[in-house]
Amino acid sequence: MLPQSVSEDGIILVGAAGGDMKNKTFFAGVLTIILGMGGLVITRHINATTNPPQHTQSTPTKVIEDDIPDHIFYGEIFTVIAKLKNVRDYQDRAQLTDEQTEVLRVTAEQCAEKVAKQDAIAEKRIAALRQQSLKAKPTRSAPPIPAEIGELQAQRDAIILRCRDVLRSGLGNEKFGEFRVAAKSIVQIGVSRVR
């Protein structure tokens, strides 16, 4: 077993037998940075999906809320509902019955699960493509996005749109419209086009 010690920050340091303290200190520092960045990324993602920035220093072209494609809008809504397990706000604002709220919760959770599976497939393929590109001769320009990745994205978008349709069917057109208005008031989604 490798020798272990605990740093002042409570981090368990594992080193090779006969290792020096510099390596242990370096490892502790790198681990602290990685864990800190992980927390920052998670926090930033949650805030980005629920609270849009009020203004930015650059002046990107703003997209009007109704111009947000449905696969983005419902993808975000279903993700927030599935992660936070919070349907009460939507139920209250859209005046959904308990049965309609259950349809919303189940649809959001199923959508999040299906999207996660699709994302896992895409991540594996992207990693394989990245490995291939590392072996290729470097070029000055970025390589084109492979058609396969575009197809995987289209499949992901289709999953979300099917879940949207399931929700519309389960709620009925009128309640679905009320839900959309309620969702827009609860989750603010800001999209900027890249020039």
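Some notes on this structure:
- Residue satisfying all of: in the stretch 77-108; polar (S, T, N, Q) and touching a residue at least 40 places away in the same chain (Cβ under 8 Å); nearest to I189 (Cα to Cα) among these: T107
- Subset of the stretch 142-177 (residues that are in contact with a His (Cβ under 6 Å, 6 or more places away or on another chain) and either aromatic (F, W, Y) or outside the structural domain of A82 (by TED's automatic domain parsing) (or both)): none
- Residue, farthest from the chain's Cα centre (by Cα), within the stretch 157-195, restricted to residues that are surrounded by 15 or more Cβ atoms within 10 Å (Cβ to Cβ) and among the small types (G, A, S): G170
- Output for the stretch 79-111, where each listed residue is more than 14 Å from G172 (Cα to Cα), at pLDDT 95 or above and hydrophobic (A, V, I, L, M, F, W, C): V106, A108, C111
- Out of C111, C163, sole residue that is touching a residue at least 60 places away in the same chain (Cβ under 8 Å) and at negative phi: C163
The values are calculated or read from the model by the stated rules, or taken from the named source; none is laboratory data. Quantities reported herein were computed from a predicted structural model and do not represent experimental measurements. With ideal geometry, Cβ positions are generated from the backbone for all residues, glycine too; neighbour counts draw on all protein chains shown.
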